[in-house]
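**Q** My questions will all concern the structure given below.
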Amino acid sequence: MLEVQRHSPRPRANSLNTALPLVDLAPAASDLRRDALAGLSTTPKTLPCKYFYDDHGSWLFDQICALPEYYPTRTELVISRRYAAEMAAACGPQALLLELGSGSSTKTRIILDHLRAPAGYVPVDIARDFLRHAANDLAAAYPGLPVVPVCADFTQPFTPPTLAARRTIVYFPGSTIGNFTADEATGLLRTISDLMGPEGGLLIGVDLRKDPHVLARAYNDAKGITAAFNLNLLTRLNRELSADFDLAQFQHRAVWDPTPGRIEMQLVSKRDQAVHIADQTITFHADEPIRTEYSHKYTLEQFAGMAATAGLAVRKVWTDHARLFSVQYLTRA
Ligand code: AVI
């Protein structure tokens, strides 16, 4: 469960775009070696999905987002463009937009374009250089808007900078919430509730339950980009930990598990084999999977129930015509 640190001093931020200070909360460097060895020593074997996103993995993820089969990104964009004015009205005037895992801040611009007198934009991301560039680009496109990038791991408690605003709106698009287990997601919603405060709100992208065939196609695309994205995790272990995974002997698999309602991505060993990583030998039997990612798909009721457990209430839901994806506005209950 995630906990929120309530009493640490708040870093103060300069609101001038010319200076564009980066608030560096020095997130702990991830320990790939420790996490990989721990995950590969459990049954079933696992690897954390956060390690997908090295440079090549981030590039592959961008390719996934443009695939015809991968509906989430495209659909969230359609919803955001269609209902941006309503979303901005829900957020209210003079709101501070605080985005978790801001990446290239693409969808943010649609919201910012419609917000009335936004008080500022705080992109939060763990990738420091990428964050700096994306924040500078955005600040250049919105002269006069205070932009304060924060380098932090949003899955850990952190204290955002103080900026004068009527309320804080946490923006969490992309259905990244789906990559957390239900317990982790509930903890994260509690953290978000603390970040937004009693008067604030949460604007979040949530992928919805749908025909499993649609999901199977989205996570098993015809060009094999998702397979390459998944297998890139092993390439990363080979490069960064001098492991000796033979990529030809592992295969991408994405399975729909209807009970928890999630896609589980796996890398499946094609035969009995042994792999060496950092002085350790990991053995695999034929057809043994390494679980690499969960991607939960919620019904509107399920998501509202989880939010309620975290003390949040869904106030508005926007979906596409086919109800593939949703953008939701929540406040404290
Ligand atoms: C980032 N996340 C919301 C994506 C998803 O759909 O769960 C990651 C992804 N994995 C395979 N394709 C995309």
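The values are calculated or read from the model by the stated rules, or taken from the named source; none is laboratory data. As the structure is a prediction and not an experimental result, all values here were calculated from the model. Glycine also receives a Cβ, built like all others from the backbone with ideal geometry; neighbour counts cover every protein chain displayed. Surface areas here come from the heavy atoms of the whole protein model, side chains and all, with no ligands, DNA or RNA. Shrake-Rupley method; radii C 1.70, N 1.55, O 1.52, S 1.80 Å.
**Q** Look at segment 78-102 and say how many of its residues are in contact with a helix residue (DSSP H, G or I) (Cβ under 7 Å, 6 or more places away or on another chain) and within 14 Å of the ligand (Cβ to nearest atom).
**A** Here the count works out to 2.
**Q** Please enumerate the residues belonging to segment 191-230 that are more than 28 Å from Asp54 (Cα to Cα) and either surrounded by fewer than 19 Cβ atoms within 10 Å (Cβ to Cβ) or out of contact with any Leu (no Cβ under 8 Å at 6 or more places or on another chain) (or both).
**A** Within segment 191-230, Asp194, Gly197, Pro198, Glu199, Gly200, Arg209, Lys210, Asp211, Pro212, His213 meet the criteria.
**Q** Taking only pairs six or more apart or across chains, which ones have beta-carbon atoms under 7 Å, a first residue in segment 133-154 that is farther than 20 Å from Asp194 by Cβ, and a second residue that is crowded, with 21+ Cβ neighbours inside 10 Å and among the polar types (S, T, N, Q)?
**A** Listed by first residue and then by second, the contacts come to Ala134/Ser102; Ala134/Ser105; Leu138/Ser105.
**Q** Check Thr186 against each of (1) touching a strand residue (DSSP E or B) at 6+ places or on another chain (Cβ under 7 Å); (2) touching a residue at least 40 places away in the same chain (Cβ under 8 Å); (3) surrounded by 17 or more Cβ atoms within 10 Å (Cβ to Cβ) and name the one condition it does not meet.
**A** Only one criterion in (1) touching a strand residue (DSSP E or B) at 6+ places or on another chain (Cβ under 7 Å); (2) touching a residue at least 40 places away in the same chain (Cβ under 8 Å); (3) surrounded by 17 or more Cβ atoms within 10 Å (Cβ to Cβ) is unmet by Thr186, namely (1).
**Q** Does segment 231-246 hold any residues that are open to solvent by 60 Å² or more (accessible area, probe 1.4 Å) and either touching a helix residue (DSSP H, G or I) at 6+ places or on another chain (Cβ under 8 Å) or in a strand (DSSP E or B) (or both), and which are they?
**A** Listed by number, the residues that qualify are Glu240, Asp244.
**Q** Taking only segment 252-308 into account, find how many residues are open to solvent by less than 40 Å² (accessible area, probe 1.4 Å) and of a type in the set (S, T, N, Q).
**A** The qualifying residues number 5.
**Q** Something else: Give me the residue from segment 27-77 that is more than 16 Å from the ligand (Cβ to nearest atom) and of a type in the set (Val, Ile, Thr) and, out of that set, least open to solvent (accessible area, probe 1.4 Å).
**A** Thr42
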